[in-house]
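The values are calculated or read from the model by the stated rules, or taken from the named source; none is laboratory data. Just so it is clear, the structure is predicted and the values come from calculations on it, not from any experiment. All Cβ positions, even for glycine, are placed from backbone atoms using ideal geometry, and neighbour counts span all protein chains on display. Quick note on the areas: whole protein, heavy atoms, side chains included, nothing else; ligands and nucleic acids left out. Shrake-Rupley method; radii C 1.70, N 1.55, O 1.52, S 1.80 Å.
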Amino acid sequence: MKRKWLVYLLFFVVLLAGFYFFLFRGTDLWKPKLPVLSYVKPYRLTAQDGRPYTDQDMLGKVSVVEYFFTSCKGICPKMNTNMKAIYETFKQEPDFMIVSNTCDPGTDSVPRLKAYADSMKADPAKWVFLTGRKDSLYQLARNSYLLDDPKNSFQKIEDQFIHTQFFALVDKNGKVRGQIYDGLKADELDKMKKDIRTLLAEKGSAHFANNIFSNNPQ
């Protein structure tokens with residue numbers, strides 16, 4: 001009798017396992033997930049072609065995000081050389097984007113960003129360069145992408161300056177995922193490429209973490 005019950009128990013365990021396999025097959029629910037670090041809050045900035053660009057434009061895309069400025073002679077050229085390699089690797093992916101935000105909007109006007117983007121041979125449909133109000137850009141860096149310069153100890157926004165070599169990775173649902181990647185380290189860039197492929201393979205969701213229907217930009 002005891003053996004008979006063990007057979008029944010084993011049968012139901014196999015049946016249950018099969019049920020969950022077919023239930024979740026074809027979804028991402030059974031796969032290990034890259035950690036969620038933050039999410040992109042509503043914003044409205046301006047791209048290099050003069051068009052408005054918002055958090056909603058990122059949805060459905062896997063996006064690499066950075067902060068730089070066009071007159072930088074230090075880390076920015078090295079960062080964007082590495083970013084160009086990322087761009088060349090993934091530019092044929094329909095669900096991939098690069099979002100480069102200026103940290104010096106007082107200098108980086110739309111025409112200046114357009115000239116810089118053209119020098120990088122960046123397709124504006126795949127690589128956007130954004131400018132706007134400094135407080136909006138900096139709030140976005142800190143509160144959404146978790147990108148900041150630890151030297152920023154000034155209270156007034158006009159005295160602050162974000163100069164960081166780090167990249168953030170955003171999934172199709174507006175969540176910042178994986179880790180914050182050092183844009184100057186080859187091993188971290190290789191890790192980011194692997195994580196980009198992981199996120200590209202994930203399905204998007206109809207439910208967005210960053211409140212897609214909000215009309216309250218930063």
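Structure values in brief
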item: Test: residue in the stretch 201-215 that is closer than 20 Å to Met58 by Cβ, touching a helix residue (DSSP H, G or I) at 6+ places or on another chain (Cβ under 8 Å) and modelled with pLDDT of 95 or more; result: no
item: Test for Asp123: is it loosely packed, with under 15 Cβ neighbours inside 10 Å and part of a helix (DSSP H, G or I); result: no
item: Any pair with Cβ under 6 angstrom, 6 or more apart, that starts in the stretch 189-206 at a residue that is part of a loop (DSSP other than H, G, I, E, B) and open to solvent by 50 Å² or more (accessible area, probe 1.4 Å) and ends at one that is at pLDDT 95 or above and not β-branched (Val, Ile, Thr); result: Gly204/Gly60; Gly204/Lys172
item: Test: residue in the stretch 97-109 that is in a helix (DSSP H, G or I) and of a type outside the set (Phe, Trp, Tyr); result: no
item: Any hit, the stretch 72-80, residues being more than 18 Å from Ala122 (Cβ to Cβ) and under 12 Å from the mean Cα position of the chain (by Cα); result: no
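Okay, residues lined up against (1) modelled with pLDDT of 95 or more; (2) on the phi < 0 side of the Ramachandran plot; (3) part of a strand (DSSP E or B); (4) open to solvent by 10 Å² or more (accessible area, probe 1.4 Å):
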residue: Asp57; (1), (2), (3), (4): yes, yes, no, yes
residue: Ser63; (1), (2), (3), (4): yes, yes, yes, no
residue: Tyr67; (1), (2), (3), (4): yes, yes, yes, no
residue: Lys78; (1), (2), (3), (4): yes, yes, no, yes
residue: Met83; (1), (2), (3), (4): yes, yes, no, no
